[in-house]
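These notes are about the structure you will find just below.
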Amino acid sequence: MEFFLISLLNGVSYGLLLFMLSSGLTLIFSMMGVLNFAHASFYMIGAYLAYTLGLKLGFFPALFLAPILTGLFGALIERFGLRKVHRYGHVAELLFTFGLAYLIEESVKVIWGLASMPYRIPAVLDGPLFTLYTTSFPKFRGFMMLVALAMLFSVYLLLMRTRIGLVIQAALTHPQTVEALGHNVPRVFMLVFGGGTALAGLAGVIGGAAFITEPSMAASVGPIVFVVAVVGGMGSLAGAFLASLLIGIVQTFAIALDWSLAGMLAAVGIGVTESTPLYSLWKLQLSQVAPVLPYLLLVLMLIFRPKGLLGTRAD
Amino acid sequence: MLEVRDLNAYYGKSHILHGVHLDVGDGEIVSLLGRNGVGRSTTIKAIMGMVDCQGSVKFKGDEMVGLKTYQVAHRGLGYVPENRDIFPTLTVRQNLLLGQKSARRTGRWKMDDMYELFPRLGERADTQAGVLSGGEQQMLTLCRTLMGDPELVMIDEPTEGLAPKIVEQVAGLFEEIRKRGISILLVEQKLAIALDISERLYVMGHGQIVFEGTPRDVRENAAMRKEWLEV
């Protein structure tokens, strides 16, 4: 029971962090059709900016400023880069963001160096939040969940309750019609790209402190973000939310479990020994294959349900 | 009010419009007729800046070619797309709100005017627009554009696939629009409604204007109708 509850909490908090990361990607994709390969790079920028700003201003001002600066940078990239590339089609856009990801990584190395940054959790948020049976749940994990939920709620309110939200929702599917009604759709695209990258930046502020801030951090979360977006359904925020939690929980549980095929066979009375063919495969533990599970899910999803859990567009 | 001269439009490499010219005066209802694929829809899309084009489109004396679509809309040109291009996941009320160009600017049409003209829209104000019937969706696209307070509204195939009773209602709305001093450029394939309400008509063929005249001229010219309109 203790193991189950703690793993569930850890899974949900990791899932919520994934959601912070992938919601921006999903928003950008559903609206602009741009698969932003550099999305995780904005996560990295958020972490580095938060570290640097935090040195002078402290963690909490950095928590607000770093996402805003990341979003501004994203908006500039859209305005002066992507918008020009847009007329050459989605492949050109994809290649553009691919190149951008490398550019950002190399720039980070030049500015901050190769070593990881001593970006730590602030003292107020360090330590256990509560203790469940014998295991303690860290404060920062709780804070991470709080920030993610606050973000989810704000994005929801913005999209559902404001005029700009209506314009964004309509432009998701009918950009030309929206523009013919007199709305500046290119500017809306810039806002969405800026907003989406700001969300990634926010995830970076949190993720950088919780895990590690180094030049390879973008590359390490990049693929998983795509898994969330595809499994949830390209273009569906609710889908991204579900998929984030699902992947967060599956991965957390899988890492902690030592189940193997050999063990399961043994339980039903079939012995697997070193002489059994493919012995190394049989004895693989779930925890050993945990990192592969999301990608397995990605591949299966694309084969059996290409539009994802809640996706609306199959293209 | 609207003067189109030597308008050429392209989809990629194919040349769709070959020097189209047309005029719409203040408060006038003008129809643009022709068979499918002759470039009627492309003409109004080109006027709205939605396709690549060359030539001149003057609205109230200002050149529109080269402006972005939203800028053209802000100058007072309204466009009602064909195929009832509503926003299906938003409610009827939200669709109408999106017709307004800004939250502050209100024009000669209010939300209640729309509900009065089409009580069905009022009854279904909080329903998702996607579940409305074809006729209701058509009314919604029209009303949505009117909420933006255009001075000239271009309407693409408003009666396509509608029941005769709804067509009557739509024709009634055109009268209401004209009463409020708004000009209409109507794109139609069918003659009936266009002949009844238009002051002047243009007929298109092969990306050009091949005929222009009054409803009477069209009625009397059987040869032209046979060559360019009848299927």
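Which one of A:S287, A:S280 is more than 30 Å from B:M50 (Cβ to Cβ), hydroxyl-bearing (S, T, Y) and without any contact (Cβ under 8 Å) to a residue 12 or more places away in the chain?
A:S280
Which pairs do you get when a residue that is without any contact (Cβ under 8 Å) to a residue 40 or more places away in the chain and of a type in the set (F, W, Y), found in segment A:128-144, comes within reach of a residue that is outside any helix (DSSP H, G or I) and loosely packed, with under 14 Cβ neighbours inside 10 Å, reach meaning Cβ atoms under 8 angstrom, with the pair 6+ apart or on two chains?
Qualifying pairs under 8 Å: A:F130/A:S136.
Being more than 11 Å from chain A (Cβ to nearest Cβ), under 20 Å from A:V185 (Cα atoms) and buried (at least 16 other Cβ atoms within 10 Å of the Cβ) is true for just one of B:L121, B:L142, B:L67, B:L96. Which residue is that?
Exactly one of B:L121, B:L142, B:L67, B:L96 is more than 11 Å from chain A (Cβ to nearest Cβ), under 20 Å from A:V185 (Cα atoms) and buried (at least 16 other Cβ atoms within 10 Å of the Cβ), namely B:L67.
Working carefully through the options B:V20, B:V24, B:V4, B:V38, find the one that is open to solvent by 10 Å² or more (accessible area, probe 1.4 Å), in contact with a strand residue (DSSP E or B) (Cβ under 6 Å, 6 or more places away or on another chain) and of a type outside the set (D, E, K, R).
One residue alone meets the criteria, B:V38.
Consider only pairs whose beta carbons are under 9 Å apart and that are at least six residues apart or on different chains; among these, list those whose first residue lies in segment B:40-62 and is in contact (Cβ under 8 Å) with a residue 24 or more places away in the chain and away from every other protein chain (no Cβ under 14 Å) and whose second residue is open to solvent by 10 Å² or more (accessible area, probe 1.4 Å) and part of a helix (DSSP H, G or I).
Pairs that qualify, where the first residue is in contact (Cβ under 8 Å) with a residue 24 or more places away in the chain and away from every other protein chain (no Cβ under 14 Å) and the partner is open to solvent by 10 Å² or more (accessible area, probe 1.4 Å) and part of a helix (DSSP H, G or I), are B:C53/B:T42; B:C53/B:K45.
Could you tell me whether segment A:152-175 includes any residue that is of a type in the set (S, T, Y), modelled with pLDDT under 90 and assigned to a helix (DSSP H, G or I)?
Yes, segment A:152-175 has at least one match.
Could you say which residue among B:G55, B:G49 is part of a loop (DSSP other than H, G, I, E, B) and either β-branched (V, I, T) or open to solvent by 10 Å² or more (accessible area, probe 1.4 Å) (or both)?
Exactly one residue qualifies, and that residue is B:G49.
Looking at A:P186, A:P215, A:P223, which one is of a type outside the set (D, E), away from every other protein chain (no Cβ under 14 Å) and out of contact with any Ser or Thr (no Cβ under 9 Å at 6 or more places or on another chain)?
A:P223
If I filter segment A:89-106 down to residues being without any contact (Cβ under 8 Å) to a residue 12 or more places away in the chain and open to solvent by 50 Å² or more (accessible area, probe 1.4 Å), which single residue comes out as farthest from A:P61 (Cα to Cα)?
So the residue we want is A:V91.
Could you tell me whether B:G161 is in a loop (DSSP other than H, G, I, E, B), more than 14 Å from chain A (Cβ to nearest Cβ) and touching a helix residue (DSSP H, G or I) at 6+ places or on another chain (Cβ under 9 Å)?
yes
The values are calculated or read from the model by the stated rules, or taken from the named source; none is laboratory data. The shown structure was predicted, so the numbers you read here are calculated from the model rather than taken from an experiment. Cβ coordinates were reconstructed from backbone atoms using ideal geometry, including for glycine residues, and neighbour counts include every protein chain displayed. In case anyone asks, the SASA skips ligands and DNA or RNA and just uses the protein heavy atoms, side chains included. Shrake-Rupley method; radii C 1.70, N 1.55, O 1.52, S 1.80 Å.
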